[in-house]
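Enquirer: Would you mind keeping the following structure in view while I ask a few things?
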Amino acid sequence: FETLIARGTINRLMPSIAAWTPTNWAAQVTGAHPGIHGLGGWTKHHKTDPLDVPVVESWESREWQGETVWQVAEEAGLKCLITHYPVGVWPSPIQEGYVVAPGFRYPPFVLADTGEYYASPTAGAAKTQEPGRVRSVDEVEEGGPPGSTPVCLRPAEGWAGADGDAWEGELRLPLKAGGEQTLYLLLRPDGRASVHGSKDAGQPLAALELGRWSPFATLQVGGQTGSVRFRLLARDRGSTVHLCRSQVYATRGWSYPVSLSEELYREVGPFFTSFTIYPRGPAELEAFLEDVSYQGHWEARVARHVQQRHGWDLHFCHWHIFDNVNHPTVNHMDPDGPDYDPEVAAWNTDAQRRCYQIADGVLAEFLELADEGTVVMVVSDHAMPPAHRWADINARLAECGLMVYDPQTRRIDMSRSPTYTWPGRGAEIMVNLQGREPTGVVPREQYGELQDQIIDALLDWRDPGTGKRVMALALRLQDAQIIGYWGQDNGDVICVFDHGMGWGPPVGGGSVGPGRGALHGSQLPTYETELFTTMGTMILAGPGVRGGGYERDWQRRGLIREIDVAPTICHLIGLRPPRQNQGVVPYDLMADRRSAGET
């Protein structure tokens, strides 16, 4: 990182609202706000569609709005490689280049999500159980990690080749296509542990060794072949076993052209889109770090392989390492954070440092592909500050008589509720309007009045625990062009949370209260503390770029924005900007230009 910064520039990037992954990775390649690309959150849904119509996920290219740098480059005869990009990539938006492992959340190539298991002879035996109530693991087995699946160990029966004193447990594997598959954990008297697809001790799917990932194995899932690996996190011989399982990710089909996935699986190795476990303790941290390292170096090896075998002119890739380490650590690290403790902060700071060291090695591998004539940009979509309190928009609207919903199921009664929201679009409130929504209950002549009532409810909202305002800003959609929102499918009211507030149901219920960790998203995109920020970063180097580690004085001269990434790329490689581009080229970063008053 130091070498690249010294060759070029480093600057903050102000995210578009909301400071989410899809919103800003879309901004980077279109140069456009959500009013154009439509991704103010993780999904898109037409207001005119019934609620049971499936939403469009952010990684899908259908209904993608706004021309991209990829398409501009292809028009100019350049070939792009797009690896693991989280928005607008499937089906492939380009014809002559390559798309690899598209999408980030819920792509169709994930056959089963990650799994964590806590096995013991008493796991699953209820202490108390109310009819119809699902127990969490910490209620059924003291010491079991919350969120893990309890597995009851019992003497092994019906195995071929198993010792008489062996123990077994069933590892349930919920499938993305529905249903589940069962794998088997086998514990032998000599201490060996293994996972099997059937009760044949001589045919292990994975041999487990404490603190190590097993080699990838292939698994048949619903007529498809997937890759999977396992890790033994902890074992108390004969009594408890704690292990985790990676995603089951398809071995083919995740590229354009499709034959490239088979080639990369064979030559570079299996892929997974999500990391298996959060770094909440030493064993989990080591598993997490090896996961992120594998994925980062995998992407660098893909870039090298495709360059050498097929060639590319522009490469775009996405790696989610820092978001995944920030969520569980930032609140503990920041002295201003709600969970700060010096000892815990030191551990979490070391976890962050080790992630940066891994990223430094991955960047070094990428830079081996870049000569002096190559433009290199390292860019993030946002960062993450501490969230002191969480706030629930639905609960607030219900308090003010503006929403009818069940706080337990989060379901909104569209037959009676004047407003509604969409999960994953935390900066927007919709009016349930007659003649537009199929369930509309609000007469059109009351539309503007209801918008104002929503705005009043949001701007009058204060945290009873601190007295602070929850919202910094709330606007009618007609006025929200000033923050990048317009169009028929964006919210009727756009809102932005104030400093230190996170969006989501607080612990204990109600509209405002303690949260569950650090967050980014629909807060003010300029919110930062002494150590952390919501803003992203851009490191830029190469021909035409000002060197020496130049950083703009943004408090005097203004921030560079996520929407400025696309026109900057185009300027540096001699392309026109995308047609709907709203960004600008920051000419003070260019070697051949000087802004007024600067040397």
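The values are calculated or read from the model by the stated rules, or taken from the named source; none is laboratory data. Here the structure is a predicted model, which is why all the values come from computation and not from measurement. Every residue, glycine as well, gets a Cβ built from its backbone with ideal geometry; the counts of neighbours run over all protein chains shown. Surface areas here come from the heavy atoms of the whole protein model, side chains and all, with no ligands, DNA or RNA. Shrake-Rupley method; radii C 1.70, N 1.55, O 1.52, S 1.80 Å.
Enquirer: Restricting to Cα pairs below 8 Å that are 6+ residues apart, what does the relative contact order work out to for the range 52-119? Please round to a whole percent.
Expert: 33
Enquirer: Still on this structure, I have one more. Would you work out if the range 447-591 is rounded, prolate or oblate? Take a ≥ b ≥ c from the square roots of the eigenvalues of the alpha-carbon gyration tensor; rounded if a/c is under 1.5, else prolate when a/b is larger than b/c, oblate otherwise.
Expert: Working: a/c = 2.99, a/b = 1.68, b/c = 1.78.
Because a/c hits 1.5 or more and a/b fails to exceed b/c, the range 447-591 counts as oblate.
Enquirer: Still on this structure: Over the Cα atoms of the range 331-486, Rg to Rh with Kirkwood Rh, two decimal places? Show your work: numbers first, answer last.
Expert: Working: Rg = 22.3 Å, Rh = 19.7 Å.
Answer for the range 331-486: 1.13.
Enquirer: Name the shape class, rounded, prolate or oblate, that the alpha-carbon gyration tensor gives for the range 510-578, where a ≥ b ≥ c are the square roots of its eigenvalues, rounded holds for a/c under 1.5, and otherwise prolate holds if a/b is larger than b/c and oblate otherwise.
Expert: Prolate, because a/c is 1.5 or more and a/b exceeds b/c.
Enquirer: Label points 7 Å out from Cα along the Cβ direction at residue 399 and residue 478: separation in nm?
Expert: About 2.9 nm, to one decimal.
Enquirer: Test of understanding: what is the full-extension gain from residue 371 to residue 263, defined as 0.36 nm times their sequence separation minus their Cα-Cα distance? List each step's numbers first, then the result.
Expert: Working: separation 108, 0.36 × 108 = 38.88 nm, distance 2.64 nm.
Answer, rounded to one decimal: 36.2 nm.
Enquirer: Continuing with this model, one more query. Which three lengths, in whole Å and largest first, does the range 386-429 cover when its Cα atoms are put on their principal axes?
Expert: Over the range 386-429, Cα extents along the principal axes are 38, 19, 18 Å.
Enquirer: Give me the percent of DSSP beta bridges within the chain that run antiparallel, rounded to the nearest 5. Please list the in-between numbers first.
Expert: Working: 67 of 89 bridges.
Antiparallel bridges: around 75 percent, rounded to the nearest 5.
Enquirer: Can you tell me the order of 559-565, 220-226, 280-286, 26-32 when each peptide is scored by its average per-residue count of other Cβ atoms within 10 angstrom, highest first?
Expert: Numbers: 559-565: 25.1, 220-226: 15.0, 280-286: 17.6, 26-32: 29.6.
Highest-to-lowest ranking by the protection proxy: 26-32, 559-565, 280-286, 220-226.
Enquirer: Dividing the alpha-carbon radius of gyration of the range 496-540 by 2.2 N^0.38 Å (N being the number of residues), what value is obtained?
Expert: 1.33
Enquirer: A follow-up question, please. Could you grab the relative contact order for the chain? Cα pairs under 8 Å, six or more apart, rounded to a whole percent.
Expert: Numbers: 1351 pairs, mean separation 125.2, N = 599.
Taking the mean separation of contacting Cα pairs over the length of the chain, I get 21 percent.
Enquirer: While we're here: What is the packing order of peptides 262-268, 444-450, 405-411, taking the mean over residues of other C-beta atoms within 10 Å and listing the highest first?
Expert: Per-residue Cβ counts within 10 Å, averaged per peptide and sorted highest first, yield 262-268, 444-450, 405-411.
Enquirer: Here's something else I'd like to know. Give me the percent of Cα-Cα pairs in the range 405-513 that sit more than 16 Å apart, rounded to a whole number.
Expert: Of all Cα-Cα distances in the range 405-513, 62 percent exceed 16 Å.
Enquirer: Could I ask something else about it? First compute the accessible area of the chain with a 1.4 Å probe, then give the percent of it belonging to carbon and sulfur atoms.
Expert: C and S atoms contribute 49 percent here.
Enquirer: In addition: Could you give the distance between the Cα centres of the range 78-122 and the range 439-490, to the whole Å?
Expert: Taking the Cα centre of each part, the range 78-122 and the range 439-490 sit 35 Å apart.
Enquirer: Sticking with this one: Looking at [x] 1.63; [y] 1.02; [z] 1.16, which value of Cα Rg over 2.2 N^0.38 Å comes from a calculation on the structure shown?
Expert: Computing Cα Rg over 2.2 N^0.38 Å and matching it to [x] 1.63; [y] 1.02; [z] 1.16 gives [y].
Enquirer: Now, a different point. Principal axis lengths of the range 182-242 from Cα atoms, whole Å, largest first?
Expert: Here the Cα extents, ordered largest to smallest, are 37, 22, 16 Å.
Enquirer: Evaluate Rg over Rh across the range 356-435, taking Cα atoms for both radii and Kirkwood's formula for Rh.
Expert: 1.32
Enquirer: Are there any helices in the chain, counted as whole DSSP H runs, that stretch 15 Å or more along their axis by Cα and score at least -1.0 on average by Kyte-Doolittle, and if so which?
Expert: Answer set is 282-309, 321-333, 342-367, 447-459.
Enquirer: Applying a 10 Å radius around every beta-carbon, put 66-78, 349-361 in order of their mean neighbour count, most first.
Expert: 66-78, 349-361
Enquirer: Can you tell me the Rg and the Dmax, both Å, for the Cα atoms in the range 1-132?
Expert: Using the Cα atoms of the range 1-132, the pair Rg, Dmax is 20.6, 67 Å.
Enquirer: Could you give the Stokes-Einstein D for the range 254-383 in µm² per second, using the C-alpha Kirkwood radius, 37 °C, 0.692 mPa s? Numbers along the way, then the final one.
Expert: Details: Rh = 16.5 Å.
So the translational diffusion coefficient is about 199 µm²/s.
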